[in-house]
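Okay, structure first, notes after.
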Amino acid sequence: MEGLSPQQVKELQTKAEKHEFQAEVNRMMKLIINSLYRNKEIFLRELISNAADALDKIRLISLTDPSALQTNEDMSIRIKADRENKLLHIVDSGIGMTKEELMNNLGTIARSGTAEFLQKLMDTSTSADVQQELIGQFGVGFYSAFLVADRVVVTTKSNDDEQYIWESDSGSFSIVKDPRGPTLKRGTQITLHMKEEAKDFLEPDTLKNLVHKYSQFINFSIFLWQSKTEMVEVPTEPIEEDGKKEDGAVEEEKEEKKTKTIEKTTWDWERVNNVKPIWMRKPSQVEQEEYDEFYKSITKDFDKPLTHVHFSAEGEVSFRSILYVPKTSPSDMFQNYGKVVENIKLYVRRVFITDDFADMMPKYLAFIRGIVDSDDLPLNVSRENLQQHKLLKVIKKKLVRKVLDMLKKLEGTQFDDFWKEFSTNIKLGVMEDPSNRIRLAKLLRFASSADKEKLTSLTDYVERMKEKQDKIYYMAGTSREEVETSPFVERLIAKGYEVLYLTEAVDEYCIQSMPEFEGKKFQNVAKEGVNIDESEQAKEAHKNLETEFEPLTSWLKDTGLKGLIEKAVVSQRLVKSPSALVASTYGWSGNMERIMKSQAYAKAKDPSQDFYANQKKTFEINPRHPVVKELLRRVIEDKEDQKAKDTALLLFETATLRSGFSLKDQVGFAERIESVLRQSLNVAADAEVEAEPVIEETEEAEDASEEADAESTTEETKVEEEHSEL
């Protein structure tokens with residue numbers, strides 16, 4: 001032991017009071033060492049946390065008794081590694097412990113029901129998670145020291161007692177008064193005699209990284225005994241020369257004294273927790289630059305964040321938090337969607353607990369970065385799992401609300417930048433988070449027929465709705481150009497109705513997950529249910545058209561397109577296009593069919609997909625289109641008119657494509673298009689393709705071919721000979 005003379009060592013050995021650990025403590029330590037902690041590195045976190053608690057206690061006492069700090073005004077934690085002797089020292093200037101406290105805190109567990117508790121703990125049928133929750137009722141982080149040390153020495157000095165030494169090899173312990181006297185003045189020094197396999201923890205860089213990882217926001221300064229290499233100039237040794245020098249020469253030599261640069265290693269205390277916990281301050285006291293720098297320190301992102309929110313919450317659980325929205329989305333965000341991300345760091349009393357859990361943010365907000373710090377969150381002994389998930393759910397609920405409030409406040413280009421990066425996340429949130437669906441829906445933005453440049457919100461759409469309009473109209477497709485020219489939007493736009501253009505793959509799923517918005521239901525204009533003019537005159541006019549075209553609609557269903565459609569009707573939505581293929585209310589639109597068929601992980605011949613894909617659709621005809629009028633005339637004259645049948649089939653196939661669906665008989669469609677081309681160019685239907693002429697090789701060509709073959713054979717022979725020589 002450092003600073004002890006041989007006589008003092010002998011005195012320690014003779015006067016030390018030897019004790020056996022409580023049986024429960026002994027079993028507890030074995031359990032901790034063998035099973036509880038997932039990684040050994042957390043021993044340093046636990047010991048620093050205990051040191052910080054001791055400093056907190058003496059600081060609290062000093063508020064009412066300033067003399068408590070007179071013994072040692074320093075308030076810090078110091079870590080020093082001795083690689084040569086395999087020792088690690090953690091020293092704090094906290095409250096220290098009396099002899100009685102050493103016995104109670106490190107030798108026994110003064111808690112009723114201990115035996116029953118340990119019986120459950122050691123029960124082989126008890127799951128690991130339950131074991132951790134049970135053991136979490138005890139503050140036994142100190143014993144994690146035995147994960148890396150085979151012997152632990154605790155030297156401690158309290159203002160209320162003399163300095164004592166507690167020593168243990170995890171089997172038993174001894175307590176003795178320190179013969180050196182009050183060398184600590186006040187506080188505790190823990191000395192770990194490190195195991196061979198734990199020698200990496202004696203490296204200053206390793207210790208520094210662990211402090212940064214777990215304890216950089218502790219309220220007190222943490223110093224590490226660190227080496228520093230620097231280049232210094234030193235005078236060169238003078239070279240003795242034979243013979244005497246003149247006085248003038250000596251003076252000149254003194255003036256031109258030479259130096260050299262050498263490498264020098266010095267050791268000193270270096271503060272390693274320089275980042276202040278800015279979340280402990282009021283938002284009004286924190287500069288924007290500080291928020292930006294803090295974001296960079298916890299995320300290792302080079303860019304500034306897009307925005308942030310800094311708040312404290314009280315109630316069932318109290319906590320402070322700073323949450324950030326990054327400027328850009330991660331490139332692998334959706335490749336890792338649903339996986340655990342290390343974006344929210346959980347602290348308890350400024351001690352880092354974990355960032356490796358999925359319960360702090362919903363999947364769709366996995367891009368949010370930040371910290372949460374709670375003083376009352378209960379922890380288990382290893383701090384790897386939380387005891388009460390109920391409190392975590394309370395925190396999660398408040399975090400989500402704060403994030404959505406933050407996003408709602410974004411305006412102008414700032415919101416545009418956010419939407420460009422994270423629009424898909426918000427749409428997924430609408431689908432996945434029913435409790436926040438209304439809040440998320442207000443963030444949605446879509447292209448619209450009302451503005452070719454800007455996106456529109458659902459709130460703005462509803463404000464612009466026509467007087468008697470009761471539905472929000474939307475059309476889904478692969479691009480704005482596609483949906484703008486769709487036959488489904490023709491009449492709506494002509495009548496002054498606004499149509500939302502859904503051009504992202506997730507858009508249609510998103511809208512379908514919302515029953516309504518502000519009392520208005522959604523209507524996919526590519527499906528049944530679009531009723532534009534509801535006036536009595538409009539109804540009467542449409543009824544007359546249905547009567548007029550009844551011969552054609554019946555013929556299309558029973559003869560012209562038999563087996564291909566559910567029914568044929570006179571359309572209310574077409575203006576320029578002759579026809580359209582409309583999905584049923586619960587069927588797939590053309591856009592949805594395309595998306596479902598392109599799923600990489602879709603099951604081959606999935607019965608549910610086949611059911612939706614094979615549903616027959618409604619064939620709508622435009623009664624004002626000349627092709628449709630001519631088709632009606634031909635059907636009335638002759639229901640067996642072959643040209644009418646061919647025209648009806650081609651009309652159906654072009655409508656299928658224009659409506660966004662795929663053709664089953666693509667070869668047949670191509671042949672029918674070719675037939676139309678022949679007719680338009682007056683090419684006979686039975687005119688055959690000219691046969692390709694047979695070109696016979698000339699004698700010169702044959703000779704050239706033979707020469708090429710001969711050269712090839714010669715080259716192959718040479719290669720074979722070279723290989724055989726090798």
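Every read-out reported here was derived from the displayed coordinates using simple, explicitly stated rules and does not represent laboratory data. Since the model is a prediction, treat every value here as computed from it, not as a measurement. Backbone-built Cβ (ideal geometry, glycine too); neighbour counts: all protein chains shown.
Tabulated data
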item	result
Separation in nanometres of the label points that stand 7 Å from Cα toward Cβ, at Asp356 and Leu681	6.9 nm
Part-to-part distance (alpha-carbon centres) for the range 635-668 and the range 138-212, which is given in Å	88 Å
Distance-filtered residues of the range 414-436 - backbone nitrogen under 15 Å, label point 7 angstrom along Thr459 Cα→Cβ	415-416
Relative packing of peptides 519-527, 683-691, 310-318 - highest average C-beta neighbours within 10 Å first	519-527, 310-318, 683-691
Mean Cβ neighbour count within 10 Å, used as a protection proxy, ranking 89-100, 574-585 highest first	89-100, 574-585
Sites Thr265 and Lys300 - FRET efficiency at Förster radius 41 Å, r taken between beta-carbons, to 0.05	0.85
Most to least packed among 42-51, 195-204 [average Cβ atoms within 10 Å]	42-51, 195-204
Contour excess over end-to-end distance, with Cα ends at Glu101 and Lys495 and 0.36 nm allotted per residue	133.3 nm
Vicinal HN-Hα couplings computed from phi for the range 636-644 (Karplus, 6.51 cos²θ - 1.76 cosθ + 1.60; Hz; Gly/Pro x)	5, 6, 8, 5, 9, 4, 5, 5, 5
Given Lys408/Lys471; Lys427/Lys617; Lys527/Lys629; Lys466/Lys539; Lys521/Lys629; Lys327/Lys471, the pairs whose alpha carbons are separated by over 27 Å	Lys427/Lys617; Lys521/Lys629; Lys327/Lys471
Distant-in-sequence amide H partners of Tyr473 (H built 1.01 Å from N, under 5 Å)	Leu500, Gln523
Karplus (6.51, -1.76, 1.60) ³J(HN,Hα), θ = phi - 60°, over the range 460-476, in Hz, Gly and Pro reported as x	5, 4, 4, 5, 8, 4, 5, 3, 9, 6, 10, 9, 9, 8, 9, 9, 9
Contour excess over end-to-end distance, with Cα ends at Gln615 and Ser284 and 0.36 nm allotted per residue	113.1 nm
Long-range HN-HN contacts of Asn531 with modeled amide H, under 5 Å	none
Under Karplus coefficients 6.51, -1.76 and 1.60, residue-wise ³J(HN,Hα) of the range 69-81 in Hz, glycine/proline x	8, 5, 5, 6, 7, 5, 10, 8, 10, 10, 10, 9, 9
In Å, descending, principal axis extents of the Cα set of the range 413-563	57, 36, 31
When the convex hull of its Cα atoms is projected in every direction, mean area for the range 444-524 (nm²)	4.9 nm²
Linear extension gain, Glu688 paired with Arg83, 0.36 nm per residue minus alpha-carbon span	208.5 nm
Distant-in-sequence amide H partners of Tyr347 (H built 1.01 Å from N, under 5 Å)	Ile353, Val372, Asp373, Ser374
Whole-Å semi-axes of the range 278-408's equivalent ellipsoid (Cα gyration tensor)	22, 19, 14
Separation of the Glu518 and Val232 label points, Cα + 7 Å toward Cβ, nm	7.4 nm
Distance between modelled label sites at Ile438 and Gln335, nm, 7 Å Cα→Cβ extension	4.0 nm
Stokes-Einstein D in µm²/s, Kirkwood radius over Cα pairs - the range 536-680 at 37 °C with 0.692 mPa s viscosity	200 µm²/s
Nearest-0.05 FRET efficiency for Lys543 and Glu630, computed from C-beta distance (R0 25 Å)	0.60
